[in-house]
Amino acid sequence: MKKLFILTALIISTLAFSQEKKQFLEIDYQLEMVMDFDQIISNVPSEYRAMVEEPLRQELNKGIFIDYKLKTNGTESEYKMQEKISNDQSPSGMILSQISAMDKEPLYKDIDQQYFLKPYNVGRAYLVKDSLADFQWKITREKEQIAGFDTYKATGVMNDSIAITAWYTPKINIKDGPDRIWGLPGLILKTEFEMMGSTMIITAKNVAVKEEKIKIDKPSRGKVLTEKEFYEEMMAMQEKMKEMYSESVEVD
């Protein structure tokens, strides 16, 4: 009877340990940006259009692809742009250089506490801290194979008005995904949405299970703002620069 009790206790403790054991994953994603040339060039001030028109057209014709890596332990994650840019592109393209400058710092997500941290350095260090969005996911029966996994399609809404589609795999029981996207009952391997006239498609290319513990750094430096406060401050800074430029032109 005593031996049976000891065996039962060992089984229970083993099961408890296996449930608590974290998964360490590294997922390689690729962001494809599909942009309309006419719409973009229309937003460029007329005096600069002749100068940027041809380089911009060439960049869009070549295609814009950017590599990211997600490191996750299931409760915390880091999503970071990779230095290597796909399709033999260099960060010298107008669009890519802007994205590289603004998105060079990793995004940190805390899935349990449902918030993210994103550092920015624009002459001053900022740290955006805000809640992870509720995408109001609706799961469908539609399936697709992505990165060797069977995935299910889900639809949702981001920023209150932007339709988003995602494909997740229940085989990996982690409610994480690329960028700020999360909240499905399995790892998100693909997502697609439109933002500011551009179609954004983020697709997993490889999923690697790591035996060793992955170190995930939590950013802490910079003036802490919500996402809304940060963009308001950036807009105010932009207006101030315009005023300074206008004043210098008038003086000349």
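The values are calculated or read from the model by the stated rules, or taken from the named source; none is laboratory data. Just so it is clear, the structure is predicted and the values come from calculations on it, not from any experiment. We place every Cβ from the backbone using ideal geometry, glycine too, and count neighbours over all the protein chains shown. Note: areas computed on protein heavy atoms with side chains; ligands, DNA, RNA excluded. Shrake-Rupley method; radii C 1.70, N 1.55, O 1.52, S 1.80 Å.
Rounded to the nearest 10 square angstrom, Asp103 shows an accessible area of 40 square angstrom against a 1.4 Å probe. Translational diffusion coefficient of segment 92-141 (Stokes-Einstein, Kirkwood radius from Cα pairs, 10 °C, 1.306 mPa s): 120 µm²/s. For segment 140-252, with all protein chains in place and a probe radius of 1.4 Å, 50% of the accessible heavy-atom surface sits on carbon or sulfur. Note that segment 121-185 presents 56 Å² accessible area per residue, ligands and nucleic acids not counted, probe 1.4 Å.
The solvent-accessible area of Asp160, taken with every protein chain present and a 1.4 Å probe, is close to 150 Å². Taking a sphere under 15 Å around the Cβ of Met51 and counting the other residues whose Cβ falls inside, with K and R at +1 and D and E at -1, yields a net charge of -2.
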